[in-house]
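Just so it is clear, none of the values below were taken in a lab; they were calculated from the coordinates. Model, not experiment: these values are computed from the prediction. Every residue, glycine as well, gets a Cβ built from its backbone with ideal geometry; the counts of neighbours run over all protein chains shown.
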Amino acid sequence: MIEALHGTARAMVSRPRGILAADESIGTMSSRLEKVGVAATADNRRDYREMLVTTPELHEGISGVILSDETFNQKLSDGNTFPLAVHALNILPGIKVDTGAKDLALSPGEKITEGLDGLRERLRDYVSRGARFAKWRAVITIGEGRPTERALRANAHALARYAALCQESVLVPIVEPEVLMDGDHTIERCAEVTRAALEYLLAELDDAGVDLAGTVLKPNMVVPGTTSGQQASPEEIAEATVTTLRAVLPETLAGVAFLSGGQSPEVATANLAAMQKHETPWPLTFSFGRALVDPALKAWHGDSALISAGQQALAGRVQPNSAAVA
């Protein structure tokens with residue numbers, strides 16, 4: 001069991017590949033489809049994800065694909081289920097298992113991610129149908145008096161419980177404590193909060209008995225808040241991010257796969273590339289969603305005649321990120 005977890009985790013962060021996050025909720029995906037003039041139907045959401053995962057040679061730059069529950073239960077046009085089809089394409093199938101961030105009681109402006117009820121049984125079902133890893137996202141906000149210790153501790157505890165249940169089912173957990181870019185905070189404040197979130201997370205993972213060599217961390221990059229007015233170069237972001245991670249993360253962690261967090265595709269890639277100039281005991285790769293797929297969605301916009309154009313757009317974003325981590 002341990003060997004299987006470690007092997008999968010290593011494969012997920014193996015150079016020169018990253019992880020494609022195609023796990024938007026039904027609501028989020030529907031909204032994105034509507035913005036490009038595509039009706040928000042289950043079939044169109046399926047067609048969009050099929051266009052992504054069947055991109056020729058995708059496995060050369062993508063090690064795994066995170067699917068939503070809806071997509072995991074759907075079939076491609078050839079009749080194969082998504083997890084089995086992805087596996088046949090030499091890509092590891094993953095599944096988002098949290099049920100979303102909800103208001104944290106007695107903590108205005110803060111969130112707690114839910115989905116632990118019945119998770120053991122759901123994980124076993126996903127594994128039986130081909131899942132090799134899972135993902136759970138926590139949301140940390142920076143603001144006046146935020147984040148509170150209550151929010152940091154609650155989200156870290158939920159992530160650790162999820163991760164332990166994953167490893168019990170021989171699934172590699174992606175743990176995602178995302179410190180949001182929204183706000184007027186400085187890059188220094190982002191570094192402070194990111195470090196605190198990781199410290200709480202690692203303490204809870206240790207208490208839960210989670211094996212870090214079978215775990216992938218999906219953190220935010222350390223960046224200034226979107227309304228701060230502060231500018232930071234890729235080199236400054238890389239320095240702040242790697243310094244923060246090295247101060248907290250043990251060498252036993254399988255690897256780090258950064259989220260893009262609302263950065264533009266080009267900015268996310270430039271920041272990722274700058275990270276590679278720093279020596280770390282764990283690989284630094286990517287687990288991008290919008291920063292990979294937005295150009296593909298715009299190029300395809302629901303037209304079956306433009307599937308190739310959408311796939312070329314996706315490949316055009318995967319390639320520079322793959323090159324960055326090679």
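Quick notes on this structure:
- Hull shadow area, averaged, the stretch 130-226 [alpha-carbon convex hull, nm²]: 6.1 nm²
- The chain - share of DSSP beta bridges that are antiparallel (%, nearest 5): 15 percent
- Neighbour counts of other Cβ atoms within 10 Å put 72, 258 in the fewest-to-most order 72, 258.
- By the Cα gyration tensor, the stretch 1-140 has an equivalent ellipsoid whose semi-axes, rounded to whole angstrom, run 24, 22, 15 from largest to smallest.
- Compactness of the chain was expressed as the Cα radius of gyration divided by 2.2 N^0.38 Å, which yields 0.93.
- Applying 0.36 nm per residue to the separation of residue 326 and residue 114 and subtracting their alpha-carbon distance, the gain on full extension is 72.7 nm.
- Percent breakdown of C-alpha pair distances by 10 Å bin, ordered from the shortest bin, for the stretch 225-273: 21, 52, 24, 3
- Net charge over other residues, Cβ less than 9 angstrom from the Cβ of residue 157 (K, R count +1; D, E count -1): 0
- Cβ charges +1 (Lys, Arg) and -1 (Asp, Glu), total dipole of the chain, debye: 480 debye
- Ranked by how many other Cβ atoms sit within 10 Å of their own Cβ, fewest first, the residues 175, 97, 36 fall in the order 36, 97, 175.
- Lys/Arg +1, Asp/Glu -1 at C-beta; the stretch 2-325 dipole; positive extreme among 284, 147, 54: 54
- Local charge for residue 277 was computed over the other residues whose Cβ lies under 13 Å away, with Lys and Arg +1 and Asp and Glu -1, and equals -4.
- Computed extension gain for residue 226 through residue 186, at 0.36 nm per residue and net of the alpha carbon distance, reaches 13.5 nm.
- Scattering curve values for the stretch 14-72, log₁₀ I(q)/I(0), Debye with Cα scatterers, q = 0.14, 0.20 Å⁻¹: -0.41, -0.76
- Think of it as helices only: each DSSP H run of n ≥ 4 in the chain is worth -39500 (n - 2.57), and spread over all residues that comes to -14500 deg cm²/dmol at 222 nm.
- Among the listed pairs 96/298; 102/135; 35/135; 75/111; 35/111, those with a Cα-Cα distance over 22 Å are 96/298; 35/135; 75/111; 35/111.
- Within a Gaussian network of the chain (alpha carbon springs, distance under 10 Å), most fluctuating of 278, 157, 59: 278
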